[in-house]
Amino acid sequence: MAVDSHTGGNPTRIVLAGIDLPEHAQTVDAARIWLRDNADHWRRRLVHEPRGGGLTCAVLPIPSQEDGCDIGAVILEPGSYPPMCGHCMIGFASVIVEMDLLPDLWGADQNVAKFKIRTPAGPVGVTARRDGQKFTTITLTNVESFSVARSNVLVDDKVMPVELLYGGDYYISVDASKIGLSLDRANATEIVRVARRLREEYTRSGVHDPLTGNLLDVYQVLFYNHSDEQPDKAKIVVVAPPGVIDRSPCGTGTSALFAKLVTEGKLRPDDVLTTESIIGSTFRVTGEGYRKTGDRQFITPALTGRAYINGFLFIAADADDVLADGFAPL
């Protein structure tokens, strides 16, 4: 059984029952590994076609209080088990609040609830707000975000200035205005085409962190528009494999872009940036923490949005159905 929600237009499917984890896989990291290596059919059933699609993500709650958190989460996407997903965690947190899935949520202050979710990327703080009995927003205190590296990439005989960013996940980021790419909805096909080519060229020889040498899992492309004339606003369009555009402004992408702009001095850590998606939905982000070590500056972003429950689902798998476990989105 699952409950469906959307965050800024992007879907999240929260599992409520039906997946039993073995005794040795009761923590977030252990559950993530066990699902990936032994029970990947659950991911495929939940997010692949014909039940899901290229945008569908799912969250499996883990009843673990590790690292001082109140609950854990394994994130399931069409292509992987990512470390973090902002729109998924806003969706998960919204469902927790709307369905009262954690005890004593509101405490003494009946309009503010605080709890923590352990993600594979680390603990994420949640502040839920309501006005009377009406739920209003979720603010995520995300993991530390930062700029990783800069380079130039040749795509279709055009040199693209690229910056690799981290906001809980890695993003190949490009200022769309510098490559003449319109981020309007009508240009979606070209946005996806350019993103596919850019990802192909950028990851051809693998991507390593220049400070640690670690091989990085880099699979998403982030195009943005941001100007000095309106420093408190940005447009973000993220493309994920196989070639789908995030309908939300992307939570980890917003975190990554905010960290970049603070690092460059275009925003202060306590400034508020509003990011807009390709369909016009928005997030707000500001900084809750800032530190610098060596050549890298780390920003702790606080991301505000909300999700809406839009359905309930029972997953069924007919023994005679050769597509019961789903098939990867085209």
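Considering the stretch 1-86, the qualifying strands (runs of 3 or more DSSP E), each wholly inside and each with 1 or more residues that are on the phi < 0 side of the Ramachandran plot and touching a Cys at 6+ places or on another chain (Cβ under 6 Å), run over 10-15, 57-62, 71-76. Screening the candidates 249, 242 for the property of being closer than 20 Å to residue 302 by Cβ and in a loop (DSSP other than H, G, I, E, B) yields one hit, 249. If you go through the stretch 123-141 and keep only what is at pLDDT 95 or above, open to solvent by 10 Å² or more (accessible area, probe 1.4 Å) and either aromatic (Phe, Trp, Tyr) or within 18 Å of residue 68 (Cα to Cα) (or both), you end up with 123, 125, 127, 141.
The requirement of being part of a strand (DSSP E or B) and either without any contact (Cβ under 8 Å) to a residue 12 or more places away in the chain or charged (D, E, K, R) (or both) is satisfied by residue 150. Checking every residue in the stretch 234-246 against the condition of being under 22 Å from residue 76 (Cα atoms) and in contact with a Cys (Cβ under 6 Å, 6 or more places away or on another chain) gives at least one match. Looking across the stretch 299-330, the residues that are open to solvent by 100 Å² or more (accessible area, probe 1.4 Å), under 28 Å from residue 248 (Cβ atoms) and outside any strand (DSSP E or B) come down to 314, 330. Taking the numbered list (1) hydrophobic (A, V, I, L, M, F, W, C); (2) open to solvent by 30 Å² or more (accessible area, probe 1.4 Å); (3) modelled with pLDDT under 95 in turn, residue 154 passes all entries but (3).
Consider residue 181 carefully, then state whether it is in a loop (DSSP other than H, G, I, E, B), out of contact with any Lys or Arg (no Cβ under 9 Å at 6 or more places or on another chain), hydrophobic (A, V, I, L, M, F, W, C) and in contact (Cβ under 8 Å) with a residue 12 or more places away in the chain.
Yes, satisfied.
When we screen 115, 92 for residues that are out of contact with any helix residue (DSSP H, G or I) (no Cβ under 8 Å at 6 or more places or on another chain) and either of a type outside the set (Val, Ile, Thr) or closer than 21 Å to residue 28 by Cβ (or both), the only hit is 92. Only a single criterion out of (1) among the hydroxyl-bearing types (Ser, Thr, Tyr); (2) modelled with pLDDT of 95 or more; (3) not in a strand (DSSP E or B) is not satisfied by residue 173, namely (3). The requirement of being under 20 Å from the mean Cα position of the chain (by Cα) and open to solvent by 60 Å² or more (accessible area, probe 1.4 Å) is fulfilled somewhere in the stretch 238-255, by at least one residue.
The values are calculated or read from the model by the stated rules, or taken from the named source; none is laboratory data. Bear in mind the structure is a predicted one, so any value in this text is a computation, not a measurement. Cβ coordinates were reconstructed from backbone atoms using ideal geometry, including for glycine residues, and neighbour counts include every protein chain displayed. Side chains are part of the model used for accessible areas, which takes the heavy atoms of the whole protein and leaves out ligands, DNA and RNA. Shrake-Rupley method; radii C 1.70, N 1.55, O 1.52, S 1.80 Å.
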